[in-house]
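The values are calculated or read from the model by the stated rules, or taken from the named source; none is laboratory data. Remember, it's a predicted structure, so these values are computed and weren't measured experimentally. Quick reminder, even Gly has a Cβ in these numbers, built from the backbone with ideal geometry, and neighbours come from all protein chains shown. Note: accessible area is taken over every heavy atom of the protein model, side chains too, but ligands, DNA and RNA are not part of it. Shrake-Rupley method; radii C 1.70, N 1.55, O 1.52, S 1.80 Å.
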Amino acid sequence: MFKTSFDLAIVGAGPAGATAAWTASRKGLRTLLIDKEVFPRDKVCGDAIPYEVYTFLREFDAEAHAELLEASTSQSIRRARVQTPNGRHVTIQWTTKAVNSRRLNFDDWLFQKASANEMVLHRCGASVKKMVREKEKWTIEVGNEQFTARWLLGAGGAHCPVARKFAEKRTNKNHHLAAVRSYWEDFPAIDPLTNEVYASKAIAPGYAWIFPLPNGGANVGLGMLSRDVAKKRIDLKAALKSFTSEGEMGVRFAQAKMKGNVKGFDLPLGSKTPLLGGDGWIICGDAASLIDPLDGHGIGSAMWSGHLAIECLESILKGQSANQALETYRRTLDRRFYRRYRLHRQIINAGRYPALVNII
């Protein structure tokens, strides 16, 4: 077997893992970036790029920030239009630039940024077979290769093997969102600058969305707390079909064409904080449940957490107590994200009461 030693090994090359590798390479840390898929690869998502992405990129790499906003694969977005259960609409105008971008394109763009540095070795298209810690080092088997690393960073999404094995992370339906999405083209009567969100009685306490994409396309989906999906025995794909085929929506969607199949995905919500690190390991992104319960966004928090995780590891590698550095990491994420997400989880409970949603 081929052996190479690294400062850290990152499992998962999505937004959290790629940002962590990008940050680590700038700090001179030799990094192994692992993903079971080969990029570009599809990632089921709503494809709206949340504002935390822009705040991060403006600070981290201004040129990359401008590049993202001007990319041909990005659809500029200027406002959101929300329909309440009583049929009224509220429009929220944004003061900062934002885009929608298919995760196929966005994640590949970010992966290329991360892997361009010679300090990063990537291994994609092979799953992790083994993660064993001995004498303050990890031995990681990827495909038919073996590597060692001082630290292990879990950024493998909702089902990250690092989080499941070492943080003993499991699905909690009270803090978990189930969703489906579909792609449409030749979509009529759509404002390309506006994200549409629907909180109708028919899908309470869930919500549906129509997010414009370049060239007249749209990402259309529906999400709901997993607890409610199980309790009410809701078929989310059937619910999405009803949303796109009945009433006024039926008229709109009759002229559009669905491209591909409806796909499901799950989102661990940040309303319950998992164990974030331990002896030689740390987690970030979806693996750390950094999903906003109110809108399902997690890309920006994933990128921030990947960056902050590397700052934590750099402190440890420079001699700071691991327990102290991990506690700083936890407190920083709590202040920046988890506190807000706990509040948002309480707000979405109002979704069971359409009249209350109308007032809010």
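A few points about this structure:
- Signed unit charges on C-beta, dipole axis of the chain, positive-most listed residue S242, T31, N105: S242
- With K and R counted +1 and D and E -1, the other residues having a Cβ less than 14 Å from that of M119 yield a net charge of +1.
- For V251, the accessible surface of its heavy atoms amounts to roughly 100 Å² (probe 1.4 Å, protein chains only, rounded to the nearest 10).
- Rounded tilt (10° steps) of 299-317 against the dominant C-alpha axis of the chain: 20 degrees
- Of all accessible heavy-atom area on the chain, the percent that carbon and sulfur account for (1.4 Å): 50 percent
- Stretching the chain fully between E311 and E246 yields a gain of 18.4 nm (0.36 nm per residue, less the alpha carbon separation).
- DSSP beta bridges in the chain [antiparallel fraction, %, rounded to 5]: 65 percent
- For the chain, Kirkwood radius (reciprocal of mean inverse C-alpha pair distance, Å): 21.0 Å
- Note: region 217-360, Cα convex hull, 149 Å³ per residue.
- Residues K36, K113, K272, K231 ordered from highest to lowest accessible area at a 1.4 Å probe: K231, K36, K272, K113.
- Think of the chain as having a plus end and a minus end, set by charges on the Cβ of Lys, Arg, Asp and Glu; of W209, T273, L333, T273 sits farthest toward the positive end of this dipole.
- Lys, Arg +1 and Asp, Glu -1 on Cβ, resulting dipole of the chain about Cα centre, debye, nearest 20: 1160 debye
- Calculated on the alpha-carbon coordinates, the convex hull of region 1-149 measures out at 142 cubic angstrom per residue.
- Spacing of the modelled spin labels on N174 and K232, each 7 Å from Cα toward Cβ, amounts to 2.0 nm.
- Near-label residues of region 206-249 by backbone N, under 14 Å of a point 7 Å along Cα→Cβ of K257: 216-218
- Convex hull volume of the Cα atoms of region 242-284, normalised per residue: 136 Å³.
- Relative contact order %, the chain, counting alpha carbon pairs below 8 Å whose residues are six or more apart: 22 percent
- Nearest-10 value in Å² for the accessible area of K237, using the 1.4 Å probe: 110 Å²
- Taking the alpha carbon gyration tensor of region 71-165, multiplying each eigenvalue by 5 and rooting it gives semi-axes of 41, 19, 12 Å, largest first.
- Under a model in which nothing but the beta-carbon of Lys, Arg (+1) and Asp, Glu (-1) is charged, region 15-71 shows a dipole of about 380 debye around its Cα centre.
- Ordered from largest to smallest accessible area (heavy atoms of protein chains, 1.4 Å probe), the residues I190, I347 come out as I347, I190.
- All Cα pairs of region 185-299, percent lying beyond 18 Å: 58 percent
- Residues of type lysines that K232 reaches as a straight line, Cα spacing below 19 Å, ignoring anything fewer than 8 places off in the same chain: K173, K201, K241
- Centroid-to-centroid, using Cα positions, region 274-337 and region 13-84 are 17 Å apart.
- Taking all pairs of distinct alpha-carbon atoms in region 284-352, Kirkwood radius in angstrom: 12.8 Å
- Summed over the residues of the chain and divided among them, the accessible surface reaches 45 Å² per residue at a probe radius of 1.4 Å.
- FRET efficiency, N144 to A66 (Cβ-Cβ, R0 41 Å, nearest 0.05): 0.50
- The mean sequence separation of alpha-carbon pairs under 8 Å and at least six residues apart, normalised by the residue count of region 125-258, gives a relative contact order of 20 percent.
- Computed helical MRE - 222 nm, the chain, DSSP H runs ≥ 4 contributing -39500 (n - 2.57), nearest 500: -10000 deg cm²/dmol
- Given charges at beta-carbon only (K, R positive; D, E negative), |dipole| of region 280-334 in Debye: 220 debye
- Extending 7 Å from Cα along the Cβ direction at E59 and again at E118 yields two label points whose distance is 3.1 nm.
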